[in-house]
Amino acid sequence: MRDSVSSPLPFIDLQQQRSRIANEIDTAITRVLDHGAFIMGPEVTELEERLSQYCGTNHTITCSSGTDALLMALMAKDIGPGDAVFVPSFTFTSTAEAPALLGATPVFVDVLPDTFNLDGASLDNAVAAATAAGLKPSCVITVDLFGQPVNFSIIEAVAQDHGIWILDDAAQSFGAQYKNQPIGTHALMTTTSFYPSKPLGCYGDGGAVFTDSEDLMRKLVSIRIHGQCQTRSSSERIGLTARFDSIQAAILLEKLKIFDDECQRRQSVVERYNKGLAGHVKTPVLAENCVSVWTQYTIKHTKRESIVNTLSACGIPTAVFYAEPLHTQEPYMNFPLPDGGLPVTEALAKEVLSLPMHPYLDQETQDRIINAVLTAIS
């Protein structure tokens with residue numbers, strides 16, 4: 001028997017999930033191997049229907065990754081040179097990468113110190129900075145960081161004032177809710193990722209775009225496969241190779257069956273973490289009207305390095321999302337910022353720390369992690 005006190009822990013334990021539904025996954029994969037439609041097969045169509053039902057949107061267009069989902073959404077709205085696309089700097093690269101790849105200009109926006117999500121006041125200032133730079137304010141990409149939705153009411157008000165549309169980057173938040181409505185219904189388009197570490201993840205890359213618009217759906221379907229129209233031999237626009245694999249869709253169909261249960265388990269882990277760590281570190285803040293899927297459990301503390309080192313010595317992994325804000329990285333340094341810069345983003349980068357988080361963290365393991373954090377800061 002392994003020593004449960006000192007044995008290394010996984011940051012995200014996909015093997016426990018695998019053991020729970022191994023037979024179902026193997027059977028689903030075998031069905032795909034038997035029928036041989038490995039790309040855009042019947043499982044893809046079924047998954048799109050199930051995802052639309054789950055989040056209450058009219059259309060789901062699956063694709064090859066969360067980054068391609070962002071690209072497809074921007075392409076469907078003809079975003080390109082001269083357009084300002086407002087993005088948080090405190091996020092993963094793909095949020096800013098997608099508009100930059102299309103020749104548009106990412107304009108960075110600060111975030112809130114408690115939820116880490118987009119700050120409406122900073123967005124307002126960023127629009128002014130973009131206009132002063134001669135850009136056309138076009139789109140804001142909200143990011144539901146670590147599984148928690150942004151405050152759509154505030155962002156919508158600012159966006160309406162400036163005539164810009166909202167693309168919600170829900171790579172980390174599929175399954176979350178804002179004002180009792182699932183993520184996928186609060187923006188003109190919503191994108192997500194099925195990367196393996198996501199709460200709903202496949203065994204490779206995958207993503208999806210959600211929209212209620214029939215017109216945008218048709219454009220997205222065309223963009224996904226080389227801009228094709230009705231036949232493979234003709235194209236109506238520039239497109240991508242962003243098709244979805246049938247095996248990955250089959251896997252997601254099985255994982256979707258246990259997804260709600262896993263989200264409840266994540267919530268239980270969060271409650272136990274909060275109880276053990278409150279008053280010792282700054283625990284995550286869940287905003288009013290929000291339900292999070294807790295993709296990450298992220299604390300704040302000025303002794304981050306001490307916590308990381310102590311937990312590492314105890315076999316407990318940690319992660320820092322994001323130690324280098326996008327606007328400080330080489331490819332993005334010259335893009336516009338609002339007046340006053342991004343002070344909250346830069347402060348968070350020095351203090352945030354994510355602890356192991358997944359639905360299969362038992363109480364003994366949670367206590368081991370909590371005690372190690374308390375030891376580190378004592």
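Selection of segment 285-310 for residues being in contact with a strand residue (DSSP E or B) (Cβ under 8 Å, 6 or more places away or on another chain) and among the β-branched types (Val, Ile, Thr) yields Val291, Thr298, Ile299, Ile307, Val308. Considering each residue of segment 109-117 in turn, none proves to be over 28 Å from Glu288 (Cα atoms), modelled with pLDDT of 95 or more and out of contact with any helix residue (DSSP H, G or I) (no Cβ under 7 Å at 6 or more places or on another chain). Entry remark, segment 36-66: residues being within 16 Å of Thr185 (Cα to Cα), in a helix (DSSP H, G or I) and over 19 Å from the mean Cα position of the chain (by Cα) number 3 in total. Selection over segment 259-298 of residues that are touching a helix residue (DSSP H, G or I) at 6+ places or on another chain (Cβ under 7 Å) and assigned to a helix (DSSP H, G or I) gives a count of 5. For segment 336-368, the tally of residues that are part of a helix (DSSP H, G or I) and under 25 Å from the mean Cα position of the chain (by Cα) stands at 7. Thr185: in contact with a Gly (Cβ under 7 Å, 6 or more places away or on another chain), hydroxyl-bearing (Ser, Thr, Tyr), surrounded by fewer than 24 Cβ atoms within 10 Å (Cβ to Cβ) and within 24 Å of Ala249 (Cα to Cα), yes or no? Answer is yes for this residue. Does Leu9 meet the test of being in contact (Cβ under 8 Å) with a residue 40 or more places away in the chain and not in a loop (DSSP other than H, G, I, E, B)? No.
With of a type in the set (A, V, I, L, M, F, W, C), in a helix (DSSP H, G or I), farther than 27 Å from Ser222 by Cα and not assigned by TED's automatic domain parsing to the domain that holds Ser312 as the only criterion, which of Ala73, Ala28, Ala96, Ala69 stands out?
Ala28 is the lone residue from the list that is of a type in the set (A, V, I, L, M, F, W, C), in a helix (DSSP H, G or I), farther than 27 Å from Ser222 by Cα and not assigned by TED's automatic domain parsing to the domain that holds Ser312.
Of the residues Ser138, Ser173, the single one that is in contact with a Gly (Cβ under 9 Å, 6 or more places away or on another chain) and not in a loop (DSSP other than H, G, I, E, B) is Ser138. For beta carbons closer than 9 Å, sequence separation of 6+ or different chains, a first residue in segment 337-360 that is more than 11 Å from Ser89 (Cα to Cα) and a second that is acidic (Asp, Glu) and in a helix (DSSP H, G or I), the qualifying pairs are Pro338/Asp124; His358/Glu262; Pro359/Asp261; Pro359/Glu262; Tyr360/Glu262.
The values are calculated or read from the model by the stated rules, or taken from the named source; none is laboratory data. Not measured: the values here are computed from a predicted model. Here the Cβ is made from the backbone with ideal geometry for all residues, glycine too, and neighbour counts use every protein chain on show.
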